[in-house]
Amino acid sequence: LKGAVPDVAKFAREHNMECPAALNRLISSGMPATIEHGKAASGPGSGSGSSAVVVASTVQYFITAMDSLKLDMTATDEVYPLLSDIMQSLHKVSKLPPEFSGKVKLKHWLSLLHSMPASQRLSQEEVRQLLFDLESSYNDFMTVL
């Protein structure tokens, strides 16, 4: 599609598309609105049993992401899905405040990774900072629970 539409922002202006939030998600953050803004768990399955499952899944995603980074899986296409899984899972935990520090840090990293080519690897400094952010977010998550 890049050949047909090389500049998405220009295309939107030429066709009078007035959807700044959608363009921001498409061009900058790369996150769907349901992930970016969160979606609280609701409905018949949101009792204490399913909340325990969501918490367990979130812990699993944190540990998997941290272990993957420690095993030198640092390419954008390897890291992005792991962080996206954590973000989706955090949004399902109803006990977390909307501006939970872990969500803010993950949103930053997801935006950064979205702007990078899939094959680009994080530098050692970036990996170290990401690990620090993940560990502190995990500890904050456990504290809130």
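Worth pointing out:
- Matching residues, segment 81-112, being touching a residue at least 60 places away in the same chain (Cβ under 8 Å) and among the hydrophobic types (A, V, I, L, M, F, W, C): Leu110
- On inspection, Leu96 fails the criterion of being aliphatic (A, V, I, L, M) and within 10 Å of the chain's Cα centre (by Cα).
- Residues in segment 15-32 that are at negative phi and outside any helix (DSSP H, G or I): 6 in all.
- With a requirement of 3 or more residues that are closer than 21 Å to Ser29 by Cα, hydroxyl-bearing (Ser, Thr, Tyr) and in contact with a helix residue (DSSP H, G or I) (Cβ under 7 Å, 6 or more places away or on another chain), the helices (runs of 4 or more DSSP H) lying completely within segment 68-145 that satisfy it span 76-92.
- Segment 9-30 residues that are open to solvent by 70 Å² or more (accessible area, probe 1.4 Å), paired with ones that are assigned to a helix (DSSP H, G or I) and modelled with pLDDT of 80 or more (beta carbon under 6 Å, 6 or more apart): Ile27/Val8
The values are calculated or read from the model by the stated rules, or taken from the named source; none is laboratory data. None of these values were measured; they are calculated from a predicted model. Cβ sites come from the backbone with ideal geometry, for glycine too, and all protein chains shown count toward neighbours. Quick note on the areas: whole protein, heavy atoms, side chains included, nothing else; ligands and nucleic acids left out. Shrake-Rupley method; radii C 1.70, N 1.55, O 1.52, S 1.80 Å.
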